[in-house]
Amino acid sequence: MFPELNNLLNITPDRAEQGKLTLLCDAKTDGSFLVHHFLSFYLKGMGLIDAGVSLTLARERGQLVFLEGLKSSTDVFFQAHEEPHPLQFLREASPGNLQPLFEFVREALKPVDNGEAAWRCPVLLVDDLSLLLSLGVGAVAVLDFVHYCRATVCWELKGNVVVLVHDSGDAEDEENDILLNGLSHQSHLILRTEGLATGFCRDVHGQLRILWRRPSQPTAQRDRSLTYQYKIQDKNVSFFAKGMSPAVL
């Protein structure tokens, strides 16, 4: 978890908003550090990584459920399953039925109280939705999947959903555009990482655009955005206003 990013977003693990969809998007850079941030952020909010508690212990407690896509994709082909596999669509001639994947999500995010630690709120973190497009699933089917996940996680269980999508930058990639546009309209917070237009720089690794969306507010007050540049360090990420990198001061 990166404290500077929490400060920019004005959030802390113990007072995170509930019922929100956060869209993480990267273009010509790697935005995976945002996924790691939100994973740590929400686990800390549930009291699961304080004082050195590991992700392994969180999984053993049943507080962290992880579907490893690469391993699961081989399981669906080479192992027999009595129940539909979450990635069952991989075996279909026309991929598009994500209902088994949704059922996995719904079952995994049921509130847990095993006497050690209880959910404060369930969180679904998807890294990343773009892979579903690469596997032949249409953008509309992916958006339907997100809609049902939001209905369960955000509205029914009062939790949050965080998804990562890659922006291919290809004007002819219609499916990617449909997915990004559809998610953007549904999101309450959008974090978009972009590579520098000038190319590689040792002291500035990219820029982060933050867009807060409040669909219920009047148009003039609905959206608010800020842009920062950032540098990824060993165990942290530092953020600064555009052109204000300490390396050039």
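No value in this document is a laboratory result; all are computed from the given coordinates. Not measured: the values here are computed from a predicted model. Virtual Cβ from ideal backbone geometry, glycine too; neighbours counted across all protein chains shown.
Relative to the first principal axis of the alpha-carbon coordinates of the chain, what is the inclination of helix 174-186, with its axis defined by its Cα atoms, in degrees from 0 to 90 and to the nearest 10? On a 0 to 90 degree scale, this one is about 80. Taking label positions 7 Å along the Cα-Cβ direction at both Ser40 and Ala151, the computed distance is 3.6 nm, reported to one decimal. Distance between the modelled labels on Asn236 and Lys71, one decimal in nanometres: 3.3 nm (7 Å Cα→Cβ projection). Taking 16 Å as the cut-off, the amide N atoms of the range 13-33 that come nearer than this to a point 7 Å along the Cα-to-beta-carbon line of Ser184 belong to 22-28.
Quick one: dipole size for the chain, taken about the Cα centre, charges +1 on Lys/Arg Cβ and -1 on Asp/Glu Cβ, in debye to the nearest 20.
Values: 23 positive and 31 negative charges, 220 e Å.
For the chain, the charge dipole is close to 1060 debye.
Ellipsoid fit via the Cα gyration tensor, the chain: semi-axes of 30, 23, 19 Å, each the root of five times an eigenvalue, largest first.
With the cut-off at 1.5 for a/c, could you classify the range 91-202 from its C-alpha gyration tensor as rounded, prolate or oblate? Write out the running numbers ahead of the final one.
Numbers: a/c = 2.27, a/b = 1.40, b/c = 1.62.
Oblate is the answer for the range 91-202, as a/c is 1.5 or above yet b/c matches or exceeds a/b.
Compute the long axis of helix 139-150 from its Cα atoms, compare it with the longest principal axis of the Cα atoms of the chain, and write down the angle in degrees, 0 to 90, nearest 10. Helix 139-150 sits roughly 90 degrees off the main axis of the chain.
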